[in-house]
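Asks: Pasting in a structure now, in structure tokens, and then I'll have a few things to ask.
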Amino acid sequence: MTEAILATHNITKRFGAVTASDGVTMDLRPGEIHAVIGPNGAGKSTLIAQICGGLKPDAGQVEFLGQDVSTLTTRKRARMGLARTFQISALAMENTVLENAVLGALGARGGTLGLIRPVLRDKTLRDMALHALERAGLADHAKTRTSELSHGQRRQLEVAVALTLQPKAFVMDEPMAGMGSEGSARLTGFLDELRAEAPILLVEHDMDAVFALADRLSVLVYGKIIATGTVAEIRANPDVRIAYLGEDA
Amino acid sequence: MSRETILNAVIFGGLLAVPLWACIVDEPFTITLATKVAILALAGVGLNIALGLGGLVSLGHAAFFGLGGYAMGILASHAQSYTPLMESPLLIEGTKSMPIIWLMALITSALAALAIGALSLRTSGVYFIMITLAFGQMFYYLSISWPAYGGEDGLSIYVRNGFPGLNTLDPIQFFAICFALLALALWLNARLIRSPFGLALGAARQSPQRVETVGLSPFRLRLAAFVISGAITGLAGALFADLNRFVSPTMFSWQTSGEIMIFVILGGVGRLYGPVAGAALFITLEHVLGGLSEFWHIYLGLLLLLVVLFARGGLIGLIAGREVHHD
Ligand SMILES: Nc1ncnc2c1ncn2[C@@H]1O[C@H](COP(=O)(O)OP(=O)(O)OP(=O)(O)O)[C@@H](O)[C@H]1O
Ligand SMILES: [Mg+2]
């Protein structure tokens, strides 16, 4: 447990009659991709929101870098090095792709924000942003207005902004959603390398990607983790086959 | 050069040329109208930083406009009656010096914006509009019920305040002062939009979640924007009081907040020269339509409705099209 970068301990969250998280205990270890799968409405995004600080759990703790961060704001957790990508893109749509990435670099740098000097003239920030865009495969779109990007490209930009933060852990909510098979194959290759920089908690519906990437897999059903293990273990697990994978088979 | 840049240059040049021409043909009233446009545009530039860049729909900017006005009124009235504002613990005397008055107007309205913002920015949407409106009204009633500074009747200043090296009683020289301050505010606003702060503030308007996720605080960004915004509108208030040589609670009224917002909406929310175009259009309409009919506000209302429904970018958007992105 102590070696985990990120962990949840018995997290519970209720929305009226719905228990979106039901005693969720899980962890993310250095160098790994830990995938969370589960049917629609299983509580994956809710779990992520509690890990990153957007939602407060009714009970349980979130631990990041050995520290209990349950009471910290999203902003403080981000400053500690927790980078999140959203299922529904949360980007500055009127701004350019580059500006969105620069915003990430700006946040990562910290300190007070200047009022006079143009932000795009700051070579350090610009280089950081361009580097992240390049890695995420968006270098050619730096000057495009974000609202003009396709859904898949927006997901790529979400990842690029997360990269600019140079985080200690990534938390990604369906980064492949809306991407074509070619795009998701490329992102799969990219995430595969990325895990060496920082571990990734990956919520994803694209099973090819999940099976290709996950060191460990957790299956979430009705807010409960019904199984955690390697891809082979999960595939062999009868409960999972009935509750989840069975739907596909 | 984009169409908007050209349009901005035309507006800037126009606002400068009209009073210069009026000066040559000796039409002081036209100069006064142009001065009014410059001052009200300045108030609008202030609001536009909160409204356009920050997405903060403040219906309480009269509070800052009025505070600027009263900063001028109080300092100047003490100077003209030779009575200090305060004797202990330290002696504070009145003044007729514009730079000192401006500084006081900037400081008081910035502090008020800090306090009002710190409380009201915890809400959003309609609640934010209502709370800022309530704060504005608070200042309005305070000014009415404070007899020391004229109460309901307001305060008259006999001679316009001075600026070193200039004769402020000369309409064109006073216009030059107001125009220079407007130009300065526009320059600041243009820089702000492209600055790190401007980028983060604009992002916080579009997606507060995104801004938090990169480790920045939307609340602090908005509060800083609100303070800068309030301070600029406060400075405009001091100039407006100087133009009229008169301050009254009307400057604090919700109609004043509404008018400042109308300049911004007419001209184009978030467009750099929106408030200038809006204030110029407003004053022209007031002058032209006001001469034709007492009910010119009805036509203004209709125009406003058309702009809101069909020209989201206001006058600037109508002529220059959608905003083009820099760099
Ligand atoms: N703010 C909220 N208020 C009320 N109910 C909510 C709220 N957010 C989520 N829920 C409910 O909690 C459950 C879990 O939702 P969540 O979005 O976490 O699921 P998910 O696993 O991410 O689904 P998907 O695969 O569709 O993204 C759902 O039943 C949802 O309706
Ligand atoms: Mg989800």
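The values are calculated or read from the model by the stated rules, or taken from the named source; none is laboratory data. Small disclaimer: the values here were computed from a predicted structure and weren't measured. As a convention, Cβ positions derive from the backbone with ideal geometry for all residues, glycine included, and neighbour counts pool all protein chains shown. Ligands, DNA and RNA are excluded from the accessible area calculation, which covers all protein heavy atoms including side chains. Shrake-Rupley method; radii C 1.70, N 1.55, O 1.52, S 1.80 Å.
Asks: Could you grab the relative contact order for the range B:105-175? Cα pairs under 8 Å, six or more apart, rounded to a whole percent.
Replies: 12
Asks: I would also like to ask the following. Taking 2.2 N^0.38 Å as the expected size of a compact globular protein, what ratio does the Cα radius of gyration of the range B:1-58 give against it, to two decimals?
Replies: Here the Cα radius of gyration is 1.41 times the empirical estimate.
Asks: Quick one: grab the alpha carbon gyration tensor of the range B:3-320, order the square roots of its eigenvalues as a ≥ b ≥ c, and give me rounded if a/c is under 1.5, else prolate or oblate depending on whether a/b is larger than b/c.
Replies: oblate
Asks: Once the whole set of protein chains is in place, how much accessible area is left on residue B:254, using a 1.4 Å probe, in Å² to the nearest 10?
Replies: For residue B:254, solvent-accessible area is about 140 Å².
Asks: Next question. From the convex hull of the Cα coordinates of the range A:42-81, what is the mean projected area in square nanometres?
Replies: Its average projected convex-hull area is 2.8 nm².
Asks: Sticking with this one: Just checking the output field for A:84-93: average partner chain Cβ neighbours within 10 Å of each residue's Cβ?
Replies: That average works out to 4.
Asks: Using a 1.4 Å probe on the protein heavy atoms only, what accessible surface does residue B:141 show? Give it in Å² to the nearest 10.
Replies: Accessible area, nearest 10 Å²: 130 Å².
Asks: Could you rank A:141, B:297 by how accessible they are, 1.4 Å probe, largest area first?
Replies: These residues rank, largest area first, as B:297, A:141.
Asks: What Kirkwood radius, in Å to one decimal, follows from the Cα pairs of the protein assembly as shown?
Replies: One over the average 1/r among Cα pairs gives 26.4 Å for the protein assembly as shown.
Asks: Just grab the label-to-label distance for residue B:294 and residue B:27, each label 7 Å out from Cα along the Cβ direction, in nm (one decimal).
Replies: 2.8
Asks: How large is ³J(HN,Hα) for each residue in the range B:37-47, as worked out from phi by the Karplus curve 6.51 cos²θ - 1.76 cosθ + 1.60 (θ = phi - 60°), to whole Hz, x for Gly and Pro?
Replies: So the Karplus estimates, Gly and Pro as x, are 4, 4, 5, 5, 4, 4, 4, x, 4, x, 4 Hz.
Asks: Using θ = phi - 60° and the Karplus relation 6.51 cos²θ - 1.76 cosθ + 1.60, list the HN-Hα couplings for the range B:163-173 in order, rounded to whole Hz, with x at every Gly or Pro.
Replies: Going residue by residue, I get 10, x, x, 10, 9, 6, 6, 6, x, 5, 6 Hz, with x marking Gly and Pro.
Asks: What nm value, rounded to one decimal, do you get for the distance between residue B:83 and residue A:241 when each label is placed 7 Å out toward the C-beta?
Replies: With each label placed 7 Å out from Cα toward Cβ, I get 9.5 nm.
Asks: Using Cα pairs under 8 angstrom and six or more residues apart, how large is the relative contact order of chain B, in percent?
Replies: That works out to 32 percent.
Asks: Among A:138, A:112, A:128, flag the residue with its Cα farthest along the positive direction of the charge dipole of the range A:96-166, charges on Cβ as +1 for Lys/Arg and -1 for Asp/Glu.
Replies: Comparing the listed Cα positions along the dipole, A:112 ranks first.
Asks: Looking at this model, which pairs from A:13/A:143; A:168/A:224; A:44/A:123 are more than 30 angstrom apart at the alpha-carbon?
Replies: A:13/A:143; A:44/A:123
Asks: With chain B treated as a Gaussian network of Cα nodes joined by springs under 10 Å, which of B:122, B:271, B:205 yields the largest mean-square fluctuation?
Replies: Answer for the Gaussian network model of chain B: B:122.
Asks: Here is a further query. Quickly estimate the mean residue ellipticity at 222 nm for the protein assembly as shown, helices only: each DSSP H run with n ≥ 4 gives -39500 (n - 2.57), and the total goes over all residues, rounded to 500.
Replies: That calculation yields -17500 deg cm²/dmol at 222 nm.
Asks: If I ignore ligands, DNA and RNA and count only protein heavy atoms, how much of residue B:191 is accessible to a 1.4 Å probe, in Å² to the nearest 10?
Replies: 70
Asks: Now, a different point. In whole angstrom, and with the biggest value first, how far do the Cα coordinates of chain A range along each principal axis?
Replies: Computed over the Cα atoms, the extents are 58, 40, 35 Å.
Asks: Probe radius 1.4 Å, ligands and nucleic acids ignored: give me the carbon and sulfur share of the accessible area of the range B:1-133 as a rounded percent.
Replies: The C+S portion of the solvent-accessible surface of the range B:1-133 is 73 percent.
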